[in-house]
Amino acid sequence: MSRAPLRVAVLGAGTVGREVVRALRDRTAELTPADGAPLELAGVAVRDIERGRARGLPADLLTDAPAHLVASPETDVIVELMGGDEPARTLIAAALTAGKSVVTANKHVIAHHGPELEALARRTGAALRFEASVGGGIPVLGPLATELAANHVTAVRGIVNGTTNYILTAMHHEGREYDEVLAAAQSAGYAEADPTGDVEGHDAANKLVILARLAFGVWLDPADVTLAAPGAPGHACPGITGVTSGDISNAMSNGEVVKLIAQAERTADRVVVSVLATRIAQDSALGRTDGVLNRIEIEAEPVGTVAFSGPGAGGAATSSAVLGDLVAIGRGLGSTWAGLPPAGAAR
């Protein structure tokens, strides 16, 4: 017997949101799971309705009042793609409070408000899914919570920010200085006009906090992630902001390359987390991960080391994860943490 469709509201129709809206409109049959409910686009919240119409978004579904879509009895699932802290956090919390499942790509909100939102989702029974918050289109959070759940994870490390990896790759291959490459990356659309969150490591720190939640069962504070350390290239500055062409050349002379590595490691009494510009072997898998690609490696017992790599950003890649989460909700699969025990903030 066919099930009633889940009515989906999309908040934000930027690079990712447009792809999600298009898929929900054009690929309804493909996105209907054989063992679940079909998905039906019920509304799209944008800042400027006229501009949304001009960009080809469905005029009859547009609104500039996202809170109305969250509160409406005509919506069942909320897809939050607005980004930033507020009003995204409030809208997600309101949806969960109302018992509506939420899909989001918002790593800032999940990393900074994870304990609150997880507790809220568990209390109301609404699903909270955020696969798209880490690694773009790379499926890594789901496997951590499910296929790898029988393992004891000891470490997670990787390249999780495409902007910084693009910059470091260009510095390595072209011999140019950081400021010059950053300006070129901004012109090419690989870096934001204000790149602080990426180049200082905050974006990667947020993603590391989310990875640690699934790997180690605790919500860490993003402020506790080390972003600069003695001995690292450009160690006096956070992220990659202090890396020079001299650092790159010195690494190359030893068969190494500089990468921004996010790492979380379990010790006897805590989880140690850092996002640091690091010299690694050029012929290693992480060393060969160039451009905007991401790679995440997980060390666990008994499996050993497993890795996930692929496109870490962009509308198409990130929409893949968002749509996958929507299909999972249609199948009734619950939150991203699946059957893992509840996690609160680290003490």
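Yes/no matrix, rows are residues, columns are (1) in contact (Cβ under 8 Å) with a residue 12 or more places away in the chain; (2) closer than 29 Å to Ala345 by Cα; (3) open to solvent by less than 60 Å² (accessible area, probe 1.4 Å); (4) not aromatic (Phe, Trp, Tyr):
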| site | (1), (2), (3), (4) |
| --- | --- |
| Glu19 | yes, no, no, yes |
| Leu24 | yes, no, yes, yes |
| Pro38 | yes, no, yes, yes |
| Gly52 | yes, no, yes, yes |
| Leu57 | yes, no, yes, yes |
| Leu61 | yes, no, yes, yes |
| Pro73 | no, no, no, yes |
| Ile110 | yes, yes, yes, yes |
Quiz item: Of the residues that make up segment 90-106, is at least one modelled with pLDDT of 95 or more, open to solvent by 60 Å² or more (accessible area, probe 1.4 Å) and touching a Ser or Thr at 6+ places or on another chain (Cβ under 9 Å)?
Solution: yes
Within segment 216-238, the residues that are in contact with a Leu (Cβ under 6 Å, 6 or more places away or on another chain) and small (Gly, Ala, Ser) are Ala229, Ala232
Selection status of Glu174, closer than 20 Å to Gly287 by Cα and modelled with pLDDT under 95
yes
Val303 meets each of (1) of a type in the set (Val, Ile, Thr); (2) under 19 Å from Val140 (Cβ atoms); (3) surrounded by fewer than 23 Cβ atoms within 10 Å (Cβ to Cβ); (4) within 24 Å of the chain's Cα centre (by Cα) with one exception, condition (4)
Scanning segment 33-44 residue by residue, those touching a Ser or Thr at 6+ places or on another chain (Cβ under 9 Å), within 20 Å of Arg331 (Cα to Cα) and of a type outside the set (Asp, Glu) turn out to be Ala37, Pro38, Leu39, Leu41, Ala42
Ala191 passes all but one of the listed conditions (1) in contact with a helix residue (DSSP H, G or I) (Cβ under 6 Å, 6 or more places away or on another chain); (2) modelled with pLDDT of 95 or more; the exception is number (2)
Filter segment 289-346 for residues that are outside any strand (DSSP E or B) and charged (D, E, K, R); the one that is nearest to Gly83 (Cα to Cα) is Asp325
Of Arg288, Arg279, Arg266, the only residue that is buried (at least 17 other Cβ atoms within 10 Å of the Cβ), without any contact (Cβ under 8 Å) to a residue 60 or more places away in the chain and among the charged types (D, E, K, R) is Arg279
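The values are calculated or read from the model by the stated rules, or taken from the named source; none is laboratory data. No experiment lies behind these values; they were computed from the predicted model shown. Glycine gets a Cβ as well: all are built from the backbone with ideal geometry, and neighbour counts include every protein chain shown. Quick note on the areas: whole protein, heavy atoms, side chains included, nothing else; ligands and nucleic acids left out. Shrake-Rupley method; radii C 1.70, N 1.55, O 1.52, S 1.80 Å.
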